[in-house]
1. If you roll a 1.4 Å probe over the heavy atoms of the protein chains, what accessible area per residue do you get for the protein assembly as shown, in Å²?
2. For a quick check of understanding: with a 1.4 angstrom probe and all protein chains in place, what accessible area in square angstrom does A:I66 have, to the nearest ten?
3. Label-to-label distances across copies for A:E36, with labels 7 Å out along Cα→Cβ, in nm, shortest first?
4. Please list A:T45, A:T80 in order of solvent-accessible area, largest first, computed with a 1.4 Å probe with all protein chains present.
5. Name the residue farthest towards the positive end of the dipole of region B:11-103 from the options B:A48, B:V69, B:L11, assuming +1 on Cβ of Lys and Arg, -1 on Cβ of Asp and Glu, about the Cα centre.
6. How far, in nm to one decimal, is B:R74 from itself in the other copies if the label point is set 7 angstrom along Cα toward Cβ? Shortest first, please.
7. Based on Cβ point charges of +1 for Lys and Arg and -1 for Asp and Glu, what charge dipole magnitude is obtained for the protein assembly as shown about its Cα centre, in debye rounded to the nearest 20?
8. Setting aside same-chain residues fewer than 8 positions from A:K68, which lysines have a Cα under 27 Å from its Cα?
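The values are calculated or read from the model by the stated rules, or taken from the named source; none is laboratory data. Fair warning: this is a prediction, and the values are worked out from it, not measured in the lab. All Cβ positions, even for glycine, are placed from backbone atoms using ideal geometry, and neighbour counts span all protein chains on display. Just the protein is used for accessible areas: all its heavy atoms, side chains included, with ligands, DNA and RNA removed. Shrake-Rupley method; radii C 1.70, N 1.55, O 1.52, S 1.80 Å.
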There are 2 protein chains.
Amino acid sequence: MSKNHLYKGGLSTILLKILSDEGRMYGYQLSKRAKELTNGDLDITEGALYPTLHKLEAEGILETEIEKVGNRKRKYYKLTEEGQYKASERIDELKEYVMNLQGMLNGGMSHG
Amino acid sequence: MSKNHLYKGGLSTILLKILSDEGRMYGYQLSKRAKELTNGDLDITEGALYPTLHKLEAEGILETEIEKVGNRKRKYYKLTEEGQYKASERIDELKEYVMNLQGMLNGGMSHG
DNA sequence: TTCTTATACCTAAGAAAATTATGTATGTTT
DNA sequence: AAACATACATAATTTTCTTAGGTATAAGAA
């Protein structure tokens, strides 16, 4: 099993984190929230967003409900019961990884 | 210009950070050092490592010297003068990105 | 009222960057 | 002698992203 999630494949875990905090969101809303939370650094494209959500749904980690607001449909995502467990695992792994990475990036200042 | 380096394309910047700290290293050594510095989390495969180094060399960011140790050759990499400038730019960007990501991962605890 | 922008979903083609597999060769340890 | 670590490299494949294209409703500006 690979441990190099983050510089490849971190997007799904980021989405899971947001959903685990917010409870229930739709795709468009998720991408806006991600951008907010990272001070504009994370700009999730639609071509990445929707396939990733579909994959997580297919894995049984997310489930959906379609709601009509006015004349427009929104597809709401939330974690399944099984998904809550898997999500917290993945989020913890990512946290640890990011912490180690940050340690590396801020260490080694004694050179110049 | 894309801002989503990290969950894709962070490897080269990580290598630049290590080289900027250590000054001069060869490929195999770089991969071992990266693993050390991240408590084993970052396991760079050879198929990722060498093409990435070759690309950075082709970009003029790294330069090489081959040394013979016993009967075995080592290819040492270091930053070029131009490379030092570009490396520090990329490292700063990555730092900021990782900081924002960490903020997101550790925020939103007020849910349960 | 028409144009632009924002909202809201989606897929397909292509590129980028990784993994996996394979190859060569030397040195060390069991 | 066999296994493992060092040390380089490339090719085939897969994953995951960007870019581009498509549909449609709603709101605001010109």
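1. Value for the protein assembly as shown: 57 Å² per residue.
2. Approximately 120 Å² for this residue.
3. Going from nearest to farthest copy, the values are 4.4 nm.
4. Output order, biggest surface exposure first: A:T45, A:T80.
5. Value computed over the given set: B:V69.
6. For B:R74, the inter-copy label distances come out at 5.9 nm.
7. Value, rounded to 20: 340 debye.
8. A:K17, A:K32, A:K35, A:K55, A:K78
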